[in-house]
Ligand SMILES: [Zn+2]
């Protein structure tokens with residue numbers, strides 16, 4: 001089923017991590033910096049994430065005994081310190097997700113490096129350590145950023161899509177583990193409708209949107225693979241969608257043979273078996 005299968009810990013059949021990117025109102029502020037302050041609707045839609053949805057999500061995780069991963073732009077961490085505190089208190093991981101959801105293609109790499117490091121300082125100040133993982137805003141990931149992560153000793157990235165299982169990415173600077181997302185388990189296509197950034201999609205029924213994720217889970221579980229939804233609190237944290245997602249998580253946990261773990265643990269486990277991982281070389285001959 002897989003060219004480079006991974007044996008999961010504790011005799012589990014498959015691995016899973018639900019990831020939430022808490023972008024909040026950084027999205028509209030970065031997309032429309034000249035007048036975002038006047039756009040209260042998208043600002044409020046973003047604010048719903050950390051203020052209403054994240055407490056709901058954390059309560060579900062507490063009830064189910066799950067420890068998972070959140071990615072946050074540092075600007076969001078600074079503006080929603082209670083959210084950071086609640087996530088850390090429950091033992092979840094927070095990964096690096098840019099400074100303010102900026103696109104590296106829209107400025108120089110020097111500027112990108114400056115924003116990356118400024119965000120790193122916020123992580124250290126607010127969480128007490130450097131993050132181990134990174135996810136690029138809108139998966140907009142560059143070779144320069146890949147090398148920057150390697151130079152800073154990051155364990156993993158989660159922005160590229162060259163496989164379904166975690167794989168090893170090598171560059172002339174070194175290597176890291178890629179924990180690959182894909183659009184089929186991302187909640188923007190089924191659930192987002194965001195006129196101000198020209199993202200206009202027909203919204204799916206909650207059961208339809210989550211069913212797509214469930215089918216991905218079932219196939220991965222059967223094959224001994226890895227399932228990683230990329231969700232956003234302002235989308236999947238809405239009541240009816242989250243109810244569907246809770247049912248899916250309950251069903252996945254009832255099976256008893258799924259290894260749910262934060263991304264850091266998944267990447268560490270993959271790294272421990274690096275010799276058998278699929279390899280992708282970027283910026284190297286052959
Ligand atoms: Zn994001």
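Could you tell me whether segment 150-254 comes out rounded, prolate or oblate from its Cα gyration tensor? Rule is a ≥ b ≥ c as square roots of the eigenvalues, rounded for a/c under 1.5, then prolate if a/b exceeds b/c, otherwise oblate. Show your work: numbers first, answer last.
Working: a/c = 2.49, a/b = 1.45, b/c = 1.71.
In terms of gyration-tensor shape, oblate.
Taking label positions 7 Å along the Cα-Cβ direction at both residue 37 and residue 238, the computed distance is 3.0 nm, reported to one decimal.
Between segment 183-211 and segment 37-88, the C-alpha centres lie 19 angstrom from each other. Taking one quarter of the surface of the C-alpha convex hull of segment 13-281 gives a mean projected area of 13.5 nm².
If you rank 23, 35, 218, 208 by fewest surrounding Cβ atoms within 10 Å, what's the result? Could you put the intermediate results ahead of the total?
Numbers: 23 26, 35 8, 218 15, 208 11.
Lowest count first: 35, 208, 218, 23.
The orientation-averaged shadow of the Cα convex hull for segment 34-100, equal to a quarter of the hull surface, comes to 4.7 nm².
With r defined as the distance between the Cβ atoms of residue 51 and residue 218 and R0 fixed at 30 Å, what FRET efficiency is calculated, to the nearest 0.05? Intermediate values should be presented prior to the final figure.
Values: r = 33 Å, r/R0 = 1.11.
With R0 = 30 Å, the Cβ-Cβ based efficiency is 0.35.
Alpha-carbon geometry of segment 1-134: the Rg and the Dmax are 16.9, 54 Å, given in that order. Taking the number of Cβ atoms within 10 Å of each Cβ as an exposure proxy, the fewest-first ranking of 64, 249, 239 is 239, 64, 249.
What shape does segment 214-286 take by its C-alpha gyration tensor, where a ≥ b ≥ c are the square roots of the eigenvalues and a/c under 1.5 counts as rounded, a/b above b/c as prolate, and the rest as oblate? Intermediate values should be presented prior to the final figure.
Values: a/c = 2.54, a/b = 1.76, b/c = 1.44.
Prolate shape, in that a/c is at least 1.5 and a/b is the bigger ratio.
The numbers here are math on the coordinates, done by the rules we state, and not lab data. Keep in mind that what you see is a predicted model, and the values were worked out from it rather than measured. Positions of Cβ are generated from backbone atoms using ideal geometry, with glycine treated the same way; all protein chains shown enter the neighbour counts.
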